[in-house]
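The values are calculated or read from the model by the stated rules, or taken from the named source; none is laboratory data. Note that this is a predicted model, so its numbers are computed, not measured. Heads up, the Cβs are rebuilt from the backbone with ideal geometry, glycines too, and the neighbour counts pull from every protein chain shown. With ligands, DNA and RNA removed, areas are computed over all heavy atoms of the protein, side chains included. Shrake-Rupley method; radii C 1.70, N 1.55, O 1.52, S 1.80 Å.
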Amino acid sequence: MTDPEEGRAWQPVAQAQRFVVLDILRGVALLGVLLVNLLSDFRIPLAQHLLTFHTDLNGADRAVDVGIALLLFYGYGLGLAGRIGSAAVGVGVGVALYAVQLALSCWWLRRYRFGPVEWLWRSLTYGCRQPIRRP
């Protein structure tokens, strides 16, 4: 038996065979690698402050990320998974959503001690309602 691929040079995948969601995920992963490198190598105080502030909400931000992605890209939402033109557009949408979520997280954490998921978890753990508002 001979391999039909034998002797053929490597070629990129045809546009019809591409998965746009995977291109978007690759872009987001690349952005994450860039941010990790910036934070660990250059120690940018503003970026470190913003990312730390954003991640203090624990599970709430992750749940919102997944919820927004489901509503934007799957059929029971806007169904944009196959209709976004390029990976650059998908990454642009991701960065814009992250910026909005970052602003909302900063607003929330100025007023409240915990994110809503962490507050619920603490209340269930301690068996009584925990104070959520900042004094």
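Going 7 Å from the Cα of residue 63 in the Cα-to-Cβ direction, what parts of the range 92-114 have a backbone nitrogen less than 16 Å from that spot?
Label zone hits: 105, 108-109, 113-114.
How high is the relative contact order of the range 59-135? Use alpha-carbon pairs under 8 Å, at least six apart in sequence, and give a whole percent.
For the range 59-135, the relative contact order is 28 percent.
Taking a 1.4 Å probe, which of 129, 113 shows the most accessible area, and what order do the others take after it?
I get 129, 113, largest accessible area first.
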